[in-house]
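Notes follow once the structure below has been shown.
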Amino acid sequence: MLELQGKVIHEERQGEAYAPFELDSNEYKKKFYIESYGCSMNFNDSEIVASILNKEGFGATKFMEEANLVLLNTCSIRDKAEQTVRNRLNIFRSFKKERPDMLIGVLGCMAERLKGKLLEEEKLVDMVIGPDAYRSLPNLIAEAEGGQKGVNVLLSREETYSDIAPVRLDSNGVSAFVSIMRGCNNMCTFCVVPFTRGRERSRDAKSIIAEAQDLFDRGYKEVTLLGQNVDSYYYTTHDSEEEVTFAKLLEMVAQIDPKLRVRFSTSHPKDITDDVLFTMAKYHNICKAIHLPVQSGSTRILQLMNRTYTREWYMKKVERIREIMPECAITSDIITGFCTETEEDHQYTLDMINFGKYDLSYMYSYSERPGTLAQRRYADDVPEEVKKRRLTEVIDVQRAWSAKNYEQEIGKTFEVLIEADSRRSDKDWSGRNTQGKVIVFPKGDYNLQKGDYVLVKVNKATSGTLMGEIVEVVG
Ligand code: SAH
Ligand code: SF4
Ligand code: F3S
């Protein structure tokens, strides 16, 4: 169903129903169109931007053709991410020819990295706005409507947008992102994030709880707490009366309701504490899944990356997680071909995947980013074809573990939160177990809805999906 006039716009996409925009876009005289790239935090930022724009009289649209304002929320993490954005801008060019009054803004990390240079390089862009400057959007739009191009890429030590209620874009109405902090202080040498997102700062715990409570009250059943390094979350009031660590925050969110699932991402291995692990173990509704990016299995490379842990230290952390929560899923990120990486270092990474037995890893070949410590200190000296070959080997080893881990679930019964129709058929539901594995199962004669919990017995598996059938309705 695609109904632009109604209260909520639904779109059938690959068999899944999306309610992309919560608000009635007819209330608004003007329309904005936004595309987001990069990490979950960036997608969540787009929801903050949507909220700011709603207040300015702009309603969201799925169709670029009818937008007065077109926004690209960009990512700089690898060169390819920036190329994608350039390609999209090329496509926008033809739209702008037909609609010269249409304003185009670049938001996010690429805006922050390139600043005013983006206006020189991409003549059709009217506004460039960095991740901490979204409150200035209304002013920049007003100036752009008057024909003046504008840039605001000021980074802030305080901004957390804690008072802005995100407008959920493309939501399934069951799961939502909640940003708990911004920025990153870690300075991994390969990474552009500390430069594009600025210093780490934690959001007021009360506003996080209020947002999660509000989501639950509106029928959401899962929140994912977001930060580049969630385990270093720390919030204290000026009088230090209230001190909230990440473990405490997790507990507070978990206590909202046992029917509200809590997930979080990302955990830097150096910061995840026993406190966090014990809190996870204590609450059934804190999902047993940790994204624990290793990046490399070689201690020498980890040092060059400034990850601040060794191979052995990381392995101990994995063992500790398994000791406290044997059922906990662990996932990872891996980079191949970082500066000076030898075949021996690469072998250590392959061994690490075998040790971690990850359910899933996000795997990349190293992409040198301008301005990062690695770019300034080390030569990007691993040939492209070697990086790619190592990446293929890493992917192959990981794939084998994913297949094995999924196959091992056959015969087991899991509690599943129903999230949507399955991609293939509206006769099947799709949801996830606590470990984050996707499970697809027939709806049958049960009168169930998105947001309900069911027990599902797995009877088939591929390397990315489990298939099963309902054995009991939890409610
Ligand atoms: N804060 C998260 C990661 C954010 S970036 C963390 O610390 O784990 C997501 C992933 O992109 C990283 O984990 C890393 O594997 C990858 N990445 C970052 N910079 C990269 C680069 N220059 N080249 C290739 N991959 C990179
Ligand atoms: Fe980048 Fe490291 Fe910060 Fe993650 S922890 S965002 S990889 S600097
Ligand atoms: Fe990309 Fe910025 Fe996220 S660089 S990964 S959008 S923090």
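The values are calculated or read from the model by the stated rules, or taken from the named source; none is laboratory data. Predicted, not measured: the structure shown is a model, and the values here were computed from it. Here Cβ is always computed from backbone atoms with ideal geometry, including for glycine, and neighbour counts include all displayed protein chains.
Every residue, every condition in (1) within 30 Å of Thr372 (Cα to Cα); (2) free of Cβ contacts under 8 Å to residues at least 24 places away in the same chain; (3) within 11 Å of ligand 3 (Cβ to nearest atom), yes or no:
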position	(1), (2), (3)
Lys30	no, no, no
Glu35	yes, no, no
Phe43	yes, no, yes
Ala50	no, no, no
Phe58	no, no, no
Thr61	no, no, no
Asp79	yes, no, no
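With respect to (1) surrounded by 20 or more Cβ atoms within 10 Å (Cβ to Cβ); (2) in a helix (DSSP H, G or I); (3) touching a helix residue (DSSP H, G or I) at 6+ places or on another chain (Cβ under 9 Å), the lone exception for Glu47 is condition (3). Would you say Ser202 is more than 16 Å from ligand 1 (Cβ to nearest atom), closer than 30 Å to Arg78 by Cβ, touching a residue at least 24 places away in the same chain (Cβ under 8 Å) and hydroxyl-bearing (Ser, Thr, Tyr)? No, not satisfied.
Only residues that are in contact (Cβ under 8 Å) with a residue 40 or more places away in the chain, closer than 22 Å to Asn186 by Cα and either away from ligand 2 (no atom under 14 Å from the Cβ) or not in a loop (DSSP other than H, G, I, E, B) (or both) were counted in the range 264-298, giving 11.
Is at least one residue of the range 81-96 in contact with a Cys (Cβ under 9 Å, 6 or more places away or on another chain), assigned to a helix (DSSP H, G or I), within 16 Å of ligand 3 (Cβ to nearest atom) and closer than 21 Å to Ala165 by Cα? Within the range 81-96, none of the residues are in contact with a Cys (Cβ under 9 Å, 6 or more places away or on another chain), assigned to a helix (DSSP H, G or I), within 16 Å of ligand 3 (Cβ to nearest atom) and closer than 21 Å to Ala165 by Cα. The single condition among (1) at pLDDT below 95; (2) under 18 Å from Ile34 (Cα atoms); (3) of a type outside the set (A, V, I, L, M, F, W, C); (4) not in a helix (DSSP H, G or I) that Lys123 does not meet is (2).
Checked against (1) in a strand (DSSP E or B); (2) within 30 Å of Phe338 (Cβ to Cβ); (3) among the β-branched types (Val, Ile, Thr), Val471 meets all criteria but (2). Of the residues Ile77, Ile91, the single one that is of a type in the set (A, V, I, L, M, F, W, C), on the phi < 0 side of the Ramachandran plot, away from ligand 2 (no atom under 16 Å from the Cβ) and under 27 Å from the mean Cα position of the chain (by Cα) is Ile91. Which numbered condition in (1) more than 15 Å from ligand 3 (Cβ to nearest atom); (2) farther than 30 Å from Ala212 by Cα is the only one that Pro166 fails? Only one criterion in (1) more than 15 Å from ligand 3 (Cβ to nearest atom); (2) farther than 30 Å from Ala212 by Cα is unmet by Pro166, namely (2).
When the strands (runs of 3 or more DSSP E) confined to the range 330-432 are screened for residues that are among the aromatic types (Phe, Trp, Tyr) and in contact with a Lys or Arg (Cβ under 6 Å, 6 or more places away or on another chain), those reaching at least 1 such residues are found at 428-432. Quickly run through the range 105-120 and pick out the residues that are among the basic types (Lys, Arg) and in a loop (DSSP other than H, G, I, E, B). Scanning the range 105-120 gives a single hit, Lys115.
Criterion applied to Leu169, Leu140 was being outside any loop (DSSP other than H, G, I, E, B) and surrounded by 18 or more Cβ atoms within 10 Å (Cβ to Cβ), and the one residue passing it is Leu140.
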